[in-house]
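Q: Pasting a structure below so you can have a look.
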């Protein structure tokens, strides 16, 4: 909870309306208090720190100048929205950030009327804000729509599609380019500040429009004036591209100069049509440790604000994570085969490619936030007999589905997808959960899909997939596995073959990937057979037939949605083979799970060991189950 003595101005702010009448000097002080409160808050909960520190002044200015939520404010991705949450009535709940039942780590429509659009993935803000602007126009409502998008998110094609459409529609839309990459933008000086004020002023805008009306009757002079304006502005600001798309460009402006930001935004408030303000900010602004290492403090666990050092979680580190297993594997493969290349859509660290980039920079391709391009780039490389490995999160893979279908699977190209963060991922919530990849991949002809039960099997599956002719996806969860030793030697697994890891009677547990370990533990208690299915596609039909003929009941277990998932594939196989076993499908329910720690979410979905056993016990104790098996389990 906030101590009003430490935050005399912030303590009085409960809604954006409370900052409307503050003086510029008071707003500057409010921003300072907001930054301090943000640091202390995230130090307790963890979360996205660096990007939020970079938008403190911009957030204060936007809520001061615009009439939110009547004016629609749309944030891209949402990493940077903690200051927004604090100023919009959620300050005293910041201690619940990203916790089960607490505040979401991203804007969420059901959480606040100020969160006008739910986000989590990048590059959607301009499209959404344009839709809101067009709706206001159609309904005859006077309101502004503002999209705040980072320079990284602007690398995605969807952002440019929206810019192109917005300029053509002439909608009343303000796009704020939050440029926090200092290597791209030089320091912002007095000249740029002056130019931005001039370009956004009513005087300039009025003269510009008046000149258009006067000169439109003299086309040659009009064209000359237009070209002169573009070239003069192009000498001092990077305006040409946005102007060509139909936007009036303003900037660059110092995104931390709050008094100037307020003046510029106030000017832009009165100008109709598509506008783009280029604001230069610094990730981690105002916090020494985040400024020095913006990447390390982009997303943090609880830490000591005095030192910037994270607190120990108290958990033993154990073995390597699945991501680390992948990172080591691709380096080993690249050393043995110079046709292996690694591709990532802006997730170098998250996907475990840091060492690969260092060792093989010529074979490392970070395409930016452009998932669709990453897949078709891989397809092109595969056409030339290279061996592309696309390291991608399950949730981000969804964005490239058309390319997976048309550009890879239809052509049966040798592309290996290393699908990280499959299943439940925890505090980032439903936008980041990898709940659907079994379902949307297994229906594609030519596509093979595998799921490792442990760390060593992950390494061997990746190797197996790279040897296969055709597209292959190896999907693995976030974090560590059961702790199996990873063998340096790589051996291809028998293609399309499952593995019986425990032998019992009456009931068989057919488990996929992360669910094999809890299945083994449950089987010890109930005397069940356990099959590590390994492959979702191709399914081991011979194994399924043998297991079905020797067990009365089957239970499928997967960390994927039940609807259309791996269990559904087994159901289809049993039906086709005319096998009448009773079947229980266990997996993720057909709903969007909330955020929280992964263990909490597994428990909520009854996918932890206790929840799985409860479902199996209920299934086996039903009246339709044979007395003989019932007596054995009693």
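The values are calculated or read from the model by the stated rules, or taken from the named source; none is laboratory data. Owing to the predicted nature of the structure, the values given are computational and were not obtained by experimental measurement. Every residue, glycine as well, gets a Cβ built from its backbone with ideal geometry; the counts of neighbours run over all protein chains shown.
Q: Can you go through 611, 513 and tell me which one is free of Cβ contacts under 8 Å to residues at least 12 places away in the same chain and touching a strand residue (DSSP E or B) at 6+ places or on another chain (Cβ under 9 Å)? So that I can check it myself, show each step before the final result.
A: Values: 513 fails: free of Cβ contacts under 8 Å to residues at least 12 places away in the same chain.
Just a single option satisfies the conditions, and that option is 611.
Q: Looking at the structure I just gave you, is residue 369 assigned to a helix (DSSP H, G or I), touching a helix residue (DSSP H, G or I) at 6+ places or on another chain (Cβ under 7 Å) and surrounded by 23 or more Cβ atoms within 10 Å (Cβ to Cβ)? Reasoning before the result, please.
A: Numbers: assigned to a helix (DSSP H, G or I): no; touching a helix residue (DSSP H, G or I) at 6+ places or on another chain (Cβ under 7 Å): yes; surrounded by 23 or more Cβ atoms within 10 Å (Cβ to Cβ): yes.
Answer is no for this residue.
Q: Also, quick follow-up: Of the residues in the stretch 134-151, how many are within 25 Å of the chain's Cα centre (by Cα) and either farther than 17 Å from residue 78 by Cα or crowded, with 20+ Cβ neighbours inside 10 Å (or both)? Quick ask: steps written out before the conclusion?
A: As a first pass, look at the stretch 134-151 and keep what is within 25 Å of the chain's Cα centre (by Cα): 145-151.
Within this subset, residues satisfying the condition of being either farther than 17 Å from residue 78 by Cα or crowded, with 20+ Cβ neighbours inside 10 Å (or both) are 145-150.
Qualifying residue count, the stretch 134-151: 6.
Q: Take the residues in the stretch 422-449 that are modelled with pLDDT under 95 and at positive phi, then tell me which one is surrounded by the most Cβ atoms within 10 Å (Cβ to Cβ).
A: Going through the qualifying residues, I end up with 423.
Q: Which one of these does residue 482 not meet: (1) more than 22 Å from residue 375 (Cβ to Cβ); (2) surrounded by 24 or more Cβ atoms within 10 Å (Cβ to Cβ)?
A: (2) is the only condition that residue 482 fails.
Q: In the stretch 536-556, what residues are surrounded by fewer than 24 Cβ atoms within 10 Å (Cβ to Cβ), in contact (Cβ under 8 Å) with a residue 60 or more places away in the chain and under 27 Å from residue 470 (Cβ atoms)?
A: 537, 538 - these are the residues of the stretch 536-556 that are surrounded by fewer than 24 Cβ atoms within 10 Å (Cβ to Cβ), in contact (Cβ under 8 Å) with a residue 60 or more places away in the chain and under 27 Å from residue 470 (Cβ atoms).
Q: If you don't mind, another one. If I go through the stretch 281-304 residue by residue, how many of them are buried (at least 23 other Cβ atoms within 10 Å of the Cβ) and under 20 Å from residue 63 (Cβ atoms)? So that I can check it myself, show each step before the final result.
A: Pass one, the stretch 281-304, residues buried (at least 23 other Cβ atoms within 10 Å of the Cβ): 281, 283-284, 290, 297.
Still in the running and under 20 Å from residue 63 (Cβ atoms): 281.
Selection size over the stretch 281-304: 1.
Q: Of everything in the stretch 582-603, what is buried (at least 16 other Cβ atoms within 10 Å of the Cβ) and either without any contact (Cβ under 8 Å) to a residue 60 or more places away in the chain or touching a strand residue (DSSP E or B) at 6+ places or on another chain (Cβ under 6 Å) (or both)? Give them in sequence order.
A: Once the filter is applied, which keeps residues that are buried (at least 16 other Cβ atoms within 10 Å of the Cβ) and either without any contact (Cβ under 8 Å) to a residue 60 or more places away in the chain or touching a strand residue (DSSP E or B) at 6+ places or on another chain (Cβ under 6 Å) (or both), the stretch 582-603 yields 582, 583, 584, 585, 586, 587, 588, 603.
Q: Moving on. I'd like the residue in the stretch 564-586 that is part of a strand (DSSP E or B) and under 35 Å from the mean Cα position of the chain (by Cα) and, out of all such residues, is nearest to residue 551 (Cα to Cα). Outline the logic, then answer.
A: Going residue by residue through the stretch 564-586, those that are part of a strand (DSSP E or B) are 582-586.
Then drop every residue that is not under 35 Å from the mean Cα position of the chain (by Cα), which leaves 583-586.
Numbers: 583: 11, 584: 13, 585: 16, 586: 18 Å.
Only one residue fits best here, namely 583.
Q: What number of residues within the stretch 372-396 are within 16 Å of the chain's Cα centre (by Cα), in contact (Cβ under 8 Å) with a residue 60 or more places away in the chain and over 18 Å from residue 328 (Cβ atoms)?
A: 4
Q: Taking the options 354, 325, 264, name whichever one is surrounded by 19 or more Cβ atoms within 10 Å (Cβ to Cβ) and under 27 Å from the mean Cα position of the chain (by Cα).
A: Working: 354 fails: surrounded by 19 or more Cβ atoms within 10 Å (Cβ to Cβ); 264 fails: under 27 Å from the mean Cα position of the chain (by Cα).
Only one candidate qualifies: 325.
Q: Within the stretch 398-421, how many residues are out of contact with any strand residue (DSSP E or B) (no Cβ under 6 Å at 6 or more places or on another chain), buried (at least 19 other Cβ atoms within 10 Å of the Cβ) and not in a loop (DSSP other than H, G, I, E, B)?
A: 7
Q: Just wondering, is there one or more residues in the stretch 125-146 that are assigned to a loop (DSSP other than H, G, I, E, B), modelled with pLDDT under 90 and either outside the structural domain of residue 375 (by TED's automatic domain parsing) or over 25 Å from residue 373 (Cβ atoms) (or both)?
A: Initial filter on the stretch 125-146 (assigned to a loop (DSSP other than H, G, I, E, B)): 140-144.
Okay, now just the ones that are also modelled with pLDDT under 90, so none.
Looking for residues that are assigned to a loop (DSSP other than H, G, I, E, B), modelled with pLDDT under 90 and either outside the structural domain of residue 375 (by TED's automatic domain parsing) or over 25 Å from residue 373 (Cβ atoms) (or both), one finds none in the stretch 125-146, hence no.
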